[in-house]
Structures are given as structure tokens and as C-alpha cells.
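Asker: Following this message is one structure expressed as C-alpha cells.
The values are calculated or read from the model by the stated rules, or taken from the named source; none is laboratory data. Here the structure is a predicted model, which is why all the values come from computation and not from measurement. Here the Cβ is made from the backbone with ideal geometry for all residues, glycine too, and neighbour counts use every protein chain on show. With ligands, DNA and RNA removed, areas are computed over all heavy atoms of the protein, side chains included. Shrake-Rupley method; radii C 1.70, N 1.55, O 1.52, S 1.80 Å.
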Amino acid sequence: MALLGEFVRLGVRDVVLGPGSRSQALALAAAEFERAGLLRLRVRIDERVGGFLALGIAVETGSPVILVTTSGTAVANLHPAVLEAHHSGVPLIVITADRPESLRGVGSNQTTEQPGIFGSAVRRTWDVAPPVGEPGETETAVALARDAVANVSGPVHLNLAFAEPLSSPFTLPEAELPVATSVVSLPPATVETAVAPLVIDPDAAATLVVAGTCAGPRAEEVARELGAPLIAEVASGAHFGPNLVVAYRELLATANFGDRVERVIVFGHPTLSREVPALIQRAGVETIVVRHGSAEDYNPGRRVAQFVDAVRVEGEPAPPAWAGRWVAASRALIEPIDTAPDIEADAGTHARSELAAVRAPVGRRSLVEAVWRATWPHDRLVLGASRLIREADKVLPGKRITVHANRGLAGIDGTISTALGIALSSRDSGTTRVLVGDLTFLHDVGALLFGEGEERPRIQVIVGNDGGGTIFDGLEVAQSAGASFDRVLYTPQHAPVEALAAAYGWEYRRVDNRGQLDQALTASIGPTIVEVPLPRS
Ligand SMILES: Cc1ncc(C[n+]2csc(CCOP(=O)(O)OP(=O)(O)O)c2C)c(N)n1
Ligand SMILES: [Mg+2]
């Protein structure tokens, strides 16, 4: 109670929990705080889903989220989300209930070694003895909450022991309602950037700016200030602006483009191409990495020259010809998929070609383009790992919208849960769309479950269904592996998505052409699954 009260006083607003006996005191206290309007509480029975839901909330709000579980395997189910949060620098306060020390290591029910269970993936761990009603316990709880918030530049773990009785009835006395004094200010980069930023002179070298996930809009600003081409991955938060180069893979491998680069400035965590790490490892290229709160510094081939917390540009931008050549060449490389009808064509030809466009089958490119067109600044877009995010990264033009992808470890797990967390806490009134492959969808199908009374946000789960993991078809081994390939890599499936939608109470639409796709993307209000069958190749 004192612990949660202090978290609230420090500005923490969101709690996600799974049910369990050992954690009952925390769960009941959280429900009381919610009743008093001091916390938003989300309850999920599957802790892996709850973990990623909390991650999504923290990504969207930028504030730490409390995650509560009972003891035993419940704790281990948080590990995937904790790892992703660790690698992306997302603040999670993981509180796990445990038995007191005397009942550990002696075969007690539902008891394992919880302190240290997340290894180095948490910034700090506390193992706390059970409260027994002694004086000073409130102060200890308050100090613990402060300590946790001070360390939450990524996930932190509070393992709290509870002895019998595990809880007693209580209500929050009005007089004791904690007053939220401040919104949590996070410890990471904000503090460290007090260190003077590295000064960059645009004239010193032919420069390219690279933005991976978590980069944010600063990368775009720096590219403009430098007059540098901008390679901004689709979920970087910087995929817009006059210097954006979409066809970067091709250009990095083209004479007079990639080979002219002398200096690379990296923001965020690039993961979507081989060409970017190859460029950084080329002789004669100097790379500066601007840190972004991840646990690991991006350092391909350990060739990065400098890691800094921030950069400042001093001097006039490079001549426009430098970035201009890249931008123009990129535009020329990305042809529109459908050639527009000749302006001089008669009305009948126009009508026929428009009809043909509406009836055209949906491919991967037209799918990502339609989702991109439908998304506006008040919406949110979440991209699952695998083929579709790569397709999006290869072809989508710049647009200033909020895009998220779990690229810390690029797992196909927890994608729908993460998107639900984003949808539930988005300050804007738009729709959250999450674009996933079929295996990514099925991996997190449990996220579709809303317990009775749980809020159902505006969300569309768009499933590009090609019957398995077609990303593996692009591997060299696909040519040589023979009959086993499908069984162990493609992993074919025919799970009926419509039936799953019905089982979990989601609206469902199947889309067979581009016209239907555009309609489906703008039609729905409540949680909807849009299934888009795609060919394997
Ligand atoms: C948790 C996890 N398990 C396994 C993988 C390896 N993996 C990467 S992509 C992929 C297949 C994804 O298939 P699907 O979602 O259908 O996308 P597609 O490639 O077919 O578009 C797998 C299994 C992973 N990234 N994360
Ligand atoms: Mg697939």
C-alpha cells in the first residue's frame, strides 16, 4: 500500500497485473487505487501478454509501468518483454510476489529462485523481506519506490516476499490519497545529456545520417542541419523530411553513392538491412553513435569511433547537391506499382483503370502502402517482425506518423499485446493499426482475450496471411534444404483466423482486393481483425 502510494506520488500511472494468490495484496491495493482514480489498471491472465501490454503502455506514455505477478512460472512469462524492454530502454517496474526466505529452496509449492531470474536484463533487482508490522516499514517501502524509479532507465525487478496472511481487507482512506506531485522524470539520457553534446561540422566530411528504431525526430533535424542524406528506417520516428532516402539499400551498393560516404551518424538501433552495418565496417568510414537508452551500444564490427549522448551541428549545411543526388536517385528507383492512366486518356479509360485498381489483388507492397495511407498523426502504427516491416522499409515514402516496432530483439512474440498497450494509452483519438504476418499473429493470439470489463480500444490487427513464415523463403538454404524446409522453417498452418476472431469477440473482415482493403482500414471502431490472404512468393 505504502509502496504503490509512493509510486503514484512519483507520477506512475499504469499497472498491469495477472491474478495470483501470493500477489493478492498488491492486486487488491492496485484495484483500490484505480477505484480512487489514481491509477489505470489492466488485468490479463497470461503474464507474457501482460508483460508486452505493459511494454506498449510504457512506449506510448514514455513513463514507467508497474507489472505485478504471482510467484513461479508466472515470473518467467515476463522474460520476453523484460528482454525487449532492456534492449530498447523501456521503463518497466516488475514486481513479483515470492515466499519468505525460510520457505525457499525447500520444495514449497510454486516457489523457485526468483531474485536474479532476469539475469543482466534488469537494471537492478531488490529482494525484499515480508512486512511483519514493525515500525519503519512504511519508510522502507517509500524508499524502495524512490530507488526503483531512480533506476528505471529500463526494466527493474522488485521481488517482494509475502508471509501469511497474504492480505487483509482494506479501503483507501480518503485522507491518505496520495497526491501526484510530479510526472516521473526518467533517469536516462535526459540526465546524461547535461554532458556537452558533440559538435559536428558539416564541412568536415561527406556525412550520412542513419536512424534505426527509437531514433526519434532529432535524427531528421540533424540530417537537415548537416545537409546530409537521411536513411531512416520505417519505425525510427524519423521517416520523413526532405532528406529522406527510401531506396538506401540499392544506393549504398551503388558507385558514387555509398562509396562517397566518409562519416556516418547513427541514431537509434538499425536492424532492417545488411547494407547499413556493412557501410559502418568499410575502411575509411568514421561512425559516431548517439546513444538512445538501450542496454547495448550499436557497434557493428566494433568499428564505431565515438559514442555520444547528443550532437550539435555548427556551421552551414553541406551544398544541396550532396543530399539532393541521393534523394533524386531514390525517387527514381521506387516506381509506383500502378502506372497512372495517361492524362489525355478519355473518361471511360479513367473509369476502367480505376475499377481495375480497386479490384486488383493485394500484394505485400500494396498492403503496406494502403496501411501507410490510412494512418494519420492521431493514429498509431505497429509493425511486427518479419517480411512486412522490411517491405514497408523498402518502399514507403516519408510521412510524419507514430510508428513502433519491437526491434530490441525483433521477436515475433508479443506484437498484438504491445499494440494493445499502445492503443489503450494513446493520448490521441485515432486508431492503432498493427500489421503482422500470420505466424506473428498466431504466436500472440492470447492477446485477443479481453476479460469482462476490460477496456476495448480502437485497434485493427491486420494479418498478412501467407500460410507460414515466408521470410525464410529468402534464405539461401531454401534452395538446398529439400523436403524438410517447409516442415521446420516455413511451418505451414491453416488456422481459421475468422473463427479465432469470433471466439475472442473481435470484428472480422477478410479482404480480397485493394478496394476492400482501403474500406476495411477506415471502417471499424472496435477491435477488428483484417485478414489479407497473400501469395507465398
Ligand atoms: C519469438 C520468436 N521466435 C522465432 C523467431 C524467428 N522468426 C522470425 S520471422 C519468423 C516467421 C514469421 O512469420 P510470419 O509472421 O507469418 O511473417 P512472414 O515472414 O510470413 O511475412 C520467425 C519464426 C522470432 N523472431 N521471434
Ligand atoms: Mg507468414
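Asker: Which ³J(HN,Hα) values in Hz, rounded to whole numbers, follow from the phi angles of segment 66-81 under the Karplus curve 6.51 cos²θ - 1.76 cosθ + 1.60, where θ = phi - 60° and Gly and Pro get x?
Answerer: With coefficients 6.51, -1.76 and 1.60, one gets 8, 10, 10, 9, 7, 8, x, 4, 3, 5, 4, 5, 7, 4, x, 5 Hz.
Asker: With r as the distance between the Cβ atoms of Ala357 and Ile334 and R0 = 22 Å, compute the FRET efficiency 1/(1 + (r/R0)^6) and round to 0.05.
Answerer: That pair, Ile334 with Ala357, gives E of 0.75.
Asker: Something else: Can you compute 3J(HN,Hα) from phi for each residue in segment 43-54, using the Karplus curve 6.51 cos²θ - 1.76 cosθ + 1.60 with θ = phi - 60°, rounded to whole Hz and x for Gly and Pro?
Answerer: Karplus values, whole Hz, x for Gly and Pro: 10, 9, 6, 9, 5, 5, 4, x, x, 6, 4, 4.
Asker: Could you work out the per residue convex hull volume over the alpha carbons of segment 250-408, in cubic angstrom? Walk me through the numbers on the way to the answer.
Answerer: On the way: hull volume 28.6 nm³, N = 159.
Spelled out: Cα convex hull of segment 250-408, divided by residues, is 180 Å³.
Asker: Report, to the nearest whole %, how much of the accessible area of the chain belongs to carbon and sulfur atoms, 1.4 Å probe, protein only.
Answerer: After summing per-atom areas, the C and S share lands at 54 percent.
Asker: Moving on to the next point. PRE reach from Arg260 (point 7 Å along Cα→Cβ): which of segment 219-245 fall under 18 Å by backbone N?
Answerer: Counting only backbone N, you get 223-232, 242-245.
Asker: Asn513 versus Thr138, label points 7 Å from Cα toward the beta carbon: distance in nm?
Answerer: 7.0 nm
Asker: Separate question: Return the whole-Å distance between the Cα centroid of segment 144-168 and the Cα centroid of segment 449-472.
Answerer: If we compute the Cα centre of each part, the gap is 32 Å.
Asker: Extending each Cα 7 Å along its Cβ direction at Arg487 and Asp203, get the distance between those two points in nm, one decimal.
Answerer: 6.7 nm
Asker: Of the peptides 295-306, 348-359, 24-35, how do they stack up when ordered by the mean number of other Cβ atoms within 10 Å, highest first?
Answerer: So the peptides 295-306, 348-359, 24-35, ranked by packing, come out 24-35, 295-306, 348-359.
Asker: Under the rule of at least 5 residues apart or a separate chain, name every residue whose amide H is placed under 5 Å from the amide H of Asp413.
Answerer: none
Asker: Let me have the relative contact order for the chain, percent, based on Cα pairs under 8 Å that are six or more residues apart. Please list the in-between numbers first.
Answerer: Values: 1113 pairs, mean separation 73.5, N = 537.
14 percent.
Asker: Could you calculate the FRET efficiency of Asp147 with Ser120 from 1/(1 + (r/R0)^6), where r is the beta carbon distance between them and R0 is 22 Å, rounded to 0.05? All intermediate terms of the calculation are to be shown ahead of the outcome.
Answerer: Numbers: r = 19 Å, r/R0 = 0.85.
It comes out at approximately 0.70.
Asker: Hey, another quick one. Which cross-chain or sequence-distant (5 or more) residues have an amide H under 5 Å from the amide H of Gly216, H modelled 1.01 Å from N in plane?
Answerer: Here the answer is Gly237, Ala238, since their amide H atoms fall under 5 Å of that of Gly216.
Asker: Taking only DSSP H segments of four or more residues, each worth -39500 (n - 2.57), what value at 222 nm results for the chain once the sum is divided by all its residues, to the nearest 500 deg cm²/dmol?
Answerer: Estimated from H runs of four or more residues: -9000 deg cm²/dmol.
Asker: With θ set to phi - 60° and the Karplus curve 6.51 cos²θ - 1.76 cosθ + 1.60, what are the ³J(HN,Hα) couplings of segment 292-308 in order, to the nearest whole Hz, using x for Gly and Pro?
Answerer: These are the phi-based 3J(HN,Hα) values: 9, x, 5, 6, 10, 7, 6, 7, x, x, 6, 9, 6, 7, 8, 10, 9 Hz.
Asker: Using R₀ = 51 Å, calculate the FRET efficiency as 1/(1 + (r/R₀)^6) where r is the Cβ-Cβ separation of Arg35 and Gln306; round to 0.05.
Answerer: Once rounded, the FRET efficiency stands at 0.50.
Asker: Roughly what would the spin-label model give for Glu452 and Ala478, points 7 Å off Cα along C-beta, in nm?
Answerer: Those two pseudo-labels are separated by 4.7 nm.
Asker: Here is a follow-up. Kindly identify segment 1-106 as rounded, prolate or oblate by the Cα gyration tensor criterion: order the square roots of the eigenvalues as a ≥ b ≥ c, call it rounded if a/c is under 1.5, otherwise compare a/b with b/c, prolate if a/b is larger, else oblate. Please list the in-between numbers first.
Answerer: Values: a/c = 1.75, a/b = 1.14, b/c = 1.54.
Oblate, since a/c reaches 1.5 and b/c is not below a/b.
Asker: Can you tell me, using C-alpha contacts under 8 Å and at least 6 residues apart, the relative contact order of segment 379-472 as a whole percent?
Answerer: 35 percent
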